[in-house]
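Student: First, the structure itself, so that you have it in front of you.
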Amino acid sequence: MMPTRTKPIQLDFRSEETVLVTSDDEDRFVTTSGEAALACKQADDNREWSRQWNDFLAFLHHWCKNHSDIVDAGYVSVGDSGLNVLICIRSEDYNFSIEDDLVKLDLLLAKDFPLCVADVMQIPNQRNLRSELSSETLLVYVDGKRTSNSGGA
């Protein structure tokens, strides 16, 4: 049984002092206080990124659903400088009336999910679009109403 501590252990990123780390399976290893602090920071950052990612996907799903009169599907893919949010609209032509909403969505995503850097793009309805999307593209929303020219997903 571990003794109860009243004061937290302090790890300093600049410290070269050695620390002994014991895992749940009794594995032990020695590292520096700085390396242990960095590992703790990375674990904390990873938890925050996972939280933001899950919230980001849920937010996009709800946004698409709330705009289902215009939006047929929503996808997320990895782009050159971050994530691409692809908003597939029902119209075969570019829809200028939804552009202000897409700009607001882009700004909201940047503000509320800073670790999920994304660019929002409108994609007019194209017959073969869904079959041409990469297998690494994540579908976050699709309207249940399909037409014969919606493509397959």
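Student: Quick one: what pairs do we get from the range 109-124, first residue farther than 24 Å from Glu92 by Cα and at pLDDT 95 or above, second of a type in the set (A, V, I, L, M) and part of a loop (DSSP other than H, G, I, E, B), C-beta under 8 Å, 6+ apart or different chains?
Tutor: Going by the 8 Å Cβ cut-off, the qualifying pairs are Ala110/Val117.
Student: Sticking with this structure for a sec: Would you confirm whether any residue within the range 67-79 is among the polar types (S, T, N, Q), over 14 Å from Asp143 (Cα atoms) and either under 18 Å from the mean Cα position of the chain (by Cα) or in a loop (DSSP other than H, G, I, E, B) (or both)?
Tutor: Initial filter on the range 67-79 (among the polar types (S, T, N, Q)): 68, 77.
In the following step, the residues that additionally are over 14 Å from Asp143 (Cα atoms) were identified as 77.
Checking the rest, the ones that are also either under 18 Å from the mean Cα position of the chain (by Cα) or in a loop (DSSP other than H, G, I, E, B) (or both) come to 77.
The answer is yes; a qualifying residue exists.
Student: With the structure loaded, tell me whether Ala43 is assigned to a helix (DSSP H, G or I), out of contact with any helix residue (DSSP H, G or I) (no Cβ under 9 Å at 6 or more places or on another chain) and exposed (fewer than 13 other Cβ atoms within 10 Å of the Cβ) or whether it fails that test.
Tutor: Details: assigned to a helix (DSSP H, G or I): yes; out of contact with any helix residue (DSSP H, G or I) (no Cβ under 9 Å at 6 or more places or on another chain): yes; exposed (fewer than 13 other Cβ atoms within 10 Å of the Cβ): yes.
Spelling it out, Ala43 is indeed assigned to a helix (DSSP H, G or I), out of contact with any helix residue (DSSP H, G or I) (no Cβ under 9 Å at 6 or more places or on another chain) and exposed (fewer than 13 other Cβ atoms within 10 Å of the Cβ).
Student: Criterion first (within 30 Å of Leu115 (Cα to Cα), in contact with a strand residue (DSSP E or B) (Cβ under 6 Å, 6 or more places away or on another chain) and of a type in the set (A, V, I, L, M, F, W, C)) does Ala73 satisfy it?
Tutor: Numbers: within 30 Å of Leu115 (Cα to Cα): yes; in contact with a strand residue (DSSP E or B) (Cβ under 6 Å, 6 or more places away or on another chain): yes; of a type in the set (A, V, I, L, M, F, W, C): yes.
Yes: the conditions hold for Ala73.
Student: Among the residues of the range 21-40, write down those that are part of a strand (DSSP E or B) and modelled with pLDDT under 85.
Tutor: Narrowing the range 21-40 to residues part of a strand (DSSP E or B): 21-22, 28-32.
Correct list: Val21, Phe29.
Student: Would you point out which residue out of Leu38, Leu60 is of a type outside the set (Ser, Thr, Tyr) and touching a Gly at 6+ places or on another chain (Cβ under 8 Å)?
Tutor: Numbers: Leu38 fails: touching a Gly at 6+ places or on another chain (Cβ under 8 Å).
It is Leu60.
The values are calculated or read from the model by the stated rules, or taken from the named source; none is laboratory data. Model, not experiment: these values are computed from the prediction. No Cβ is skipped: glycine too gets one built from the backbone with ideal geometry, and neighbour counts run over all protein chains shown.
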